[in-house]
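I have placed the structure first, in the form of structure tokens, so that the comments after it can refer back to it.
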Amino acid sequence: MAANPTKVLLDVDTGVDDALALLFAVAHPAIDLVGVSCVAGNAALPQVIQNTLRVLDAAGCPAVPVAGGAHRPLLNPSRDASHVHGADGLGGIVLPETSRETYRIDGAAVGAIEMMRRVLMVSDGPVTIVALAPQTNLALLLRAHPEVAEKIERVLFMGGSASVGNATAVAEFNVWHDPEAAAIVLDSGVPTFMYGLDVFNRVAVPLQKAVELQSSGRAAERLAGELISHRMGVGAGREPVYTGLIGDAGALCALVDPGALRTALLPVYVELAGSTRGQTVVDRRVFPGEDSMHGLRGTAGLTEVALEVDADRYVDLFLGTIATLA
Ligand code: RIB
Ligand code: CA
């Protein structure tokens with residue numbers, strides 16, 4: 001581990017690309033993984049928890065608190081992403097059963113909100129929350145325990161978009177799944193960093209490299225190759241497509257190597273109504289508009305938004321980091 005690693009609390013909905021992020025988080029020396037909270041998103045919560053425990057085993061992760069949180073969004077019904085991640089959330093990749101358990105205190109199971117509170121409050125330094133899923137757990141945590149805000153360095157979240165959507169034409173899945181939760185986090189006063197689709201969609205491993213990984217002598221590399229090679233469903237009757245995206249793992253690349261990004265500090269708010277519900281509105285105007293002049297503009301907080309990425313640099317960083325796992 002590096003001399004002064006960043007304490008990271010990961011919030012996941014494992015998920016093919018959450019699994020890639022978990023492998024990276026365990027492997028990279030600049031990351032001190034202090035907790036993993038699970039939330040419904042790509043798959044139902046019990047499946048997400050099981051997937052997360054098994055991937056942590058596959059990564060050879062030392063003991064770390066893992067806990068399940070919200071079973072569904074604050075208001076929305078749960079709408080999974082099985083067409084992308086498969087019914088089991090891991091693209092049908094079967095990992096060995098695990099004896100790893102979720103977080104317990106005196107033998108009693110503890111939920112994610114309490115686990116996150118404890119981890120943050122006992123930490124001897126600020127913790128970065130890296131949110132790779134719908135932000136339901138984070139919203140509940142901040143509403144139930146506002147005192148934790150001062151212990152949070154920042155929330156670096158994979159979510160949103162300053163341009164194209166994926167869940168809808170304009171909304172990204174994590175924010176679309178629970179827009180109210182994302183709005184609560186953005187308005188919480190905790191510093192936020194948005195790793196959205198503008199960069200998420202750029203960082204892809206070439207198919208040939210993914211194929212090579214699957215014949216690696218290292219089990220974790222083989223697993224990474226299988227996960228990257230999982231083809232995303234694109235609708236009935238159409239062939240699933242290879243994207244090669246490292247997805248959520250890119251958000252952790254942004255944590256350890258921010259120099260590969262072009263970012264800007266911009267007002268960001270979440271649309272909560274109408275056909276654009278779940279859209280992150282990223283205000284890139286140079287001059288204020290009529291909405292400001294006529295008092296129509298909300299009080300959107302400023303968020304550091306990743307706008308461009310040196311994609312090859314993150315592909316190399318990801319592959320080089322995964323290669324250090326057994
Ligand atoms: O839009 C992509 C995000 O939604 C990723 O975090 C993926 O795992 C899903 O949660
Ligand atoms: Ca995710």
In the stretch 1-52, which residues are in contact with a strand residue (DSSP E or B) (Cβ under 8 Å, 6 or more places away or on another chain) and either assigned to a loop (DSSP other than H, G, I, E, B) or at pLDDT below 95 (or both)? 1, 5, 13, 14, 30, 39
Number of the exception - residue 182 against (1) over 22 Å from residue 279 (Cα atoms); (2) open to solvent by less than 20 Å² (accessible area, probe 1.4 Å): (1)
Output yes when any residue across the stretch 60-68 is of a type outside the set (Val, Ile, Thr), open to solvent by less than 50 Å² (accessible area, probe 1.4 Å) and either touching a Pro at 6+ places or on another chain (Cβ under 8 Å) or within 14 Å of ligand 1 (Cβ to nearest atom) (or both), and no when none is. yes
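From the list 13, 18, exactly one residue is charged (D, E, K, R), under 17 Å from residue 116 (Cα atoms), in contact (Cβ under 8 Å) with a residue 40 or more places away in the chain and within 16 Å of ligand 1 (Cβ to nearest atom). Which is it?
Unique residue meeting the criteria: 13.
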Contact list please: Cβ distance under 9 Å, first residue in the stretch 206-227 and over 17 Å from residue 17 (Cα atoms), second residue open to solvent by 70 Å² or more (accessible area, probe 1.4 Å) and part of a helix (DSSP H, G or I), pairs at least six apart or on different chains. 215/222; 216/222
Would you mind stating whether residue 80 is assigned to a loop (DSSP other than H, G, I, E, B), acidic (Asp, Glu), in contact with a helix residue (DSSP H, G or I) (Cβ under 7 Å, 6 or more places away or on another chain) and open to solvent by 30 Å² or more (accessible area, probe 1.4 Å)? no
Select from the stretch 224-244 the residues that are open to solvent by less than 40 Å² (accessible area, probe 1.4 Å) and either within 14 Å of ligand 1 (Cβ to nearest atom) or under 19 Å from the mean Cα position of the chain (by Cα) (or both) and list them in ascending order. 224, 227, 228, 233, 244
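The values are calculated or read from the model by the stated rules, or taken from the named source; none is laboratory data. Fair warning: this is a prediction, and the values are worked out from it, not measured in the lab. Using ideal geometry, Cβ is built from the backbone for each residue, glycine included, and neighbour counts are taken over all protein chains shown. Keep in mind that these areas ignore ligands, DNA and RNA; they rest on the heavy atoms of the full protein, side chains included. Shrake-Rupley method; radii C 1.70, N 1.55, O 1.52, S 1.80 Å.
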